[in-house]
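See below for the structure under consideration.
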Amino acid sequence: TTQGCAMKNNNKRPALNATYARTADIDVHAIRQMYAVYSQYYDNTTWDIFLHDLSKKTGAFIMRNEGGRVVGFSTLMTTEVSVNGRKVRGVFSGDTIIERAYWGSRALQFAFFRFMIAEKVRYPLSPIYWFLISKGFKTYLLLANNFFAFYPRPDGGDEHLGDIVDAYCEQMFPAYYDSERRILDFGHEYQPLRGDVAEITERMREDSVAIRFFEECNPEWRRGTELPCVGRFSWSDMAKYAVRYLRKPASKGSID
């Protein structure tokens with residue numbers, strides 16, 4: 001199944017087309033272009049590492065420019081976890097990379113929103129959650145700026161969602177999860193962002209509560225430690241999100 005949209009934003013940024021494809025349906029040429037983008041922004045990576053990680057995912061959003069070249073992607077996996085004796089359905093986001101020239105495009109956000117709606121329609125009576133792990137502040141801002149119920153959050157709200165974080169981390173990454181700090185530490189061989197990609201400046205710390213909070217929660221992010229997070233996607237959240245999305249000016253984009 002393929003879902004997607006093309007969107008040109010108002011600031012004369014290049015147009016992008018974002019489509020979702022199952023992993024098995026992504027051809028080798030597209031995968032090689034995905035890796036070319038990936039290797040620009042991550043250290044300690046290889047083709048084999050990239051392929052192994054991609055093979056574990058359900059699918060990916062693939063972003064192409066007007067010429068058809070892959071300039072970004074976001075992998076994902078649909079899964080279920082048991083939280084305090086009940087099943088919870090989640091959409092886990094893996095690596096999300098967009099070339100710098102296309103930062104600020106909303107094509108990926110819109111395609112992701114469409115996917116989440118489709119997932120909610122398939123499972124109308126089940127709670128749907130977005131599982132994500134963030135080694136950089138830009139990914140955390142996607143959660144904090146777009147979800148109404150999420151964890152962790154600067155104001156200390158939605159603490160109950162911490163149980164969902166524990167559940168999916170213990171199911172998916174049992175050997176790497178520090179449950180006391182709620183941090184994933186994959187060791188020094190993990191693939192951190194390149195140093196110039198998502199640096200946090202003192203000005204950014206002063207201006208953004210969310211960025212400051214992210215760094216407080218994940219102080220070793222530069223070496224690739226991940227902050228596991230969760231966002232709720234309910235019918236009421238869906239309506240609020242749609243209104244916010246339509247009113248919101250273009251973002252500065254995300255690459256990790």
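The values are calculated or read from the model by the stated rules, or taken from the named source; none is laboratory data. Nothing here was measured: the structure is a model prediction, and the numbers come from that model. Cβ placement follows ideal geometry from the backbone for every residue including glycine, while neighbour counts extend to all protein chains displayed. The accessibility values were calculated without ligands, DNA or RNA, using every heavy atom of the protein model including side chains. Shrake-Rupley method; radii C 1.70, N 1.55, O 1.52, S 1.80 Å.
Based on what the data block shows, is residue 250 farther than 17 Å from residue 95 by Cα, at pLDDT below 90 and of a type in the set (Gly, Ala, Ser)? Can you show your working first?
Working: farther than 17 Å from residue 95 by Cα: yes; at pLDDT below 90: yes; of a type in the set (Gly, Ala, Ser): yes.
So residue 250 passes the test.
Go through the stretch 71-109 and count every residue that is under 22 Å from residue 26 (Cα atoms) and of a type in the set (A, V, I, L, M, F, W, C).
Selection size over the stretch 71-109: 10.
Taking residue 96 and the conditions (1) more than 30 Å from residue 162 (Cβ to Cβ); (2) at pLDDT below 90; (3) among the polar types (S, T, N, Q); (4) assigned to a strand (DSSP E or B), which numbered condition does it fall short on, given that it satisfies the others?
Answer for residue 96: the failing condition is (1).
Only residues that are under 25 Å from residue 227 (Cα atoms) and not aromatic (Phe, Trp, Tyr): list them for the stretch 108-125, please. It would help to see each step written out before you state the result.
Of the residues in the stretch 108-125, the ones under 25 Å from residue 227 (Cα atoms) are 108-113, 115-116, 119.
Selection gives 108, 109, 111, 116, 119.
For the stretch 72-98, name all the residues that are open to solvent by less than 20 Å² (accessible area, probe 1.4 Å) and out of contact with any Lys or Arg (no Cβ under 9 Å at 6 or more places or on another chain).
Result: 73, 74, 83, 88, 90, 91, 93, 97, 98.
Inspect the stretch 127-137 for any residue being of a type in the set (D, E, K, R) and at pLDDT 90 or above and give the result as yes or no.
Looking only at the stretch 127-137, we keep the residues that are of a type in the set (D, E, K, R), and these are 135.
Pick out the ones that are also at pLDDT 90 or above and you get none.
No: the stretch 127-137 contains no residue that is of a type in the set (D, E, K, R) and at pLDDT 90 or above.
In the list 106, 69, which residue meets the criterion of being of a type in the set (D, E, K, R) and crowded, with 20+ Cβ neighbours inside 10 Å? Give the steps one after another, and end with the answer.
On the way: 69 fails: crowded, with 20+ Cβ neighbours inside 10 Å.
Sole residue among the options that is of a type in the set (D, E, K, R) and crowded, with 20+ Cβ neighbours inside 10 Å: 106.
Looking at 187, 195, which one is modelled with pLDDT under 90 and at positive phi? So that I can check it myself, show each step before the final result.
Values: 195 fails: at positive phi.
Only one candidate qualifies: 187.
Residues in the stretch 28-41: is at least one open to solvent by less than 30 Å² (accessible area, probe 1.4 Å) and either in contact with a Cys (Cβ under 6 Å, 6 or more places away or on another chain) or more than 21 Å from residue 77 (Cα to Cα) (or both)?
In the first step, residues of the stretch 28-41 are kept if they are open to solvent by less than 30 Å² (accessible area, probe 1.4 Å); the result is 30-31, 34, 37-38, 41.
Next, from what is left, pick out any that are either in contact with a Cys (Cβ under 6 Å, 6 or more places away or on another chain) or more than 21 Å from residue 77 (Cα to Cα) (or both): 41.
Looking for residues that are open to solvent by less than 30 Å² (accessible area, probe 1.4 Å) and either in contact with a Cys (Cβ under 6 Å, 6 or more places away or on another chain) or more than 21 Å from residue 77 (Cα to Cα) (or both), one finds at least one in the stretch 28-41, hence yes.
Where residues in the stretch 52-63 are open to solvent by less than 60 Å² (accessible area, probe 1.4 Å) and in a helix (DSSP H, G or I), which of them is modelled with the lowest pLDDT? Give the derivation first.
Kept after step one, since they are open to solvent by less than 60 Å² (accessible area, probe 1.4 Å), are these residues of the stretch 52-63: 53-54, 57-63.
Right, trim to in a helix (DSSP H, G or I) and you get 53-54.
On the way: 53: 92, 54: 95.
Within the stretch 52-63, the match that is modelled with the lowest pLDDT is 53.
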